[in-house]
Amino acid sequence: DTVVRKIVEYSYERALRQSLLGNSVKVSERQLPELWASYRGVHRILDMPADYDLYVSSTLYWNALTIGSQNPMLVMGSNLLAKLGPGEQRTIIAHELGHILSDHVLYTTALNVLLAAGGGLPLGLGLPVRGIRAVLLEWSRAAELSCDRAATLAVRDPRIVCRALMVIAGGLPADQLDLDARAADAFAQVG
């Protein structure tokens with residue numbers, strides 16, 4: 001953990017943090033106050049151990065992320081935020097705070113470093129890195145599911161969580177999506 005943490009902090013995290021800070025708007029009581037209120041509510045429900053900065057950025061395409069192994073910060077893509085209703089916004093915030101609670105941030109960042117550097121490594125070094133990357137990718141899927149559960153706990157309505165996931169998948173506003181139709185389509189494909 002210590003070695004991975006230092007590599008991530010000094011080689012990747014600092015540059016990513018600076019890039020995001022330069023291309024983002026910090027959310028506060030005065031800047032996007034409704035989103036700030038959602039953040040504070042979810043923060044309280046999940047009994048978070050500290051306060052974290054929340055940013056909105058146009059450079060993050062249809063996603064949200066949490067970075068920072070020592071001092072985590074949350075970033076939401078502005079195009080995603082524009083398509084979410086209040087409940088879905090809380091879902092995304094709770095999901096990202098779930099990464100902090102579960103201590104996923106370090107290994108998620110390490111995976112991003114490996115994905116960025118994986119193609120340019122020499123064969124002798126590339127094979128072990130590919131193995132590590134495969135394990136981290138599998139872990140990443142499980143981590144995402146854990147954070148969806150954290151979101152469900154915070155929002156207390158699995159339908160809102162599912163609708164937020166539909167917004168991410170389809171890129172359409174939450175109020176235009178029909179969860180019952182999506183469920184019927186999914187069951188029809190399986191059976």
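The values are calculated or read from the model by the stated rules, or taken from the named source; none is laboratory data. Just so it is clear, the structure is predicted and the values come from calculations on it, not from any experiment. Every residue, glycine among them, receives a Cβ derived from its backbone with ideal geometry; neighbour counts consider all protein chains shown. Heads up: the accessible areas ignore ligands, DNA and RNA and are worked out on the full protein's heavy atoms, side chains in. Shrake-Rupley method; radii C 1.70, N 1.55, O 1.52, S 1.80 Å.
Identify all residues within segment 163-191 that are among the β-branched types (Val, Ile, Thr), open to solvent by 60 Å² or more (accessible area, probe 1.4 Å) and either in contact (Cβ under 8 Å) with a residue 60 or more places away in the chain or not in a helix (DSSP H, G or I) (or both); write none if there are none.
Ile168
Return the pair list, or none, for Cβ contacts closer than 8 Å from residues in segment 92-107 that are over 15 Å from Met76 (Cβ atoms) and open to solvent by less than 20 Å² (accessible area, probe 1.4 Å) to residues that are of a type in the set (Gly, Ala, Ser) and outside any helix (DSSP H, G or I), at least 6 apart or on different chains.
As it stands, the answer is Val105/Gly68; Val105/Ser69; Leu106/Ser69, since those pairs meet every condition given.
Which count do you get for residues in segment 68-119 that are β-branched (Val, Ile, Thr) and either modelled with pLDDT of 95 or more or out of contact with any helix residue (DSSP H, G or I) (no Cβ under 6 Å at 6 or more places or on another chain) (or both)?
5
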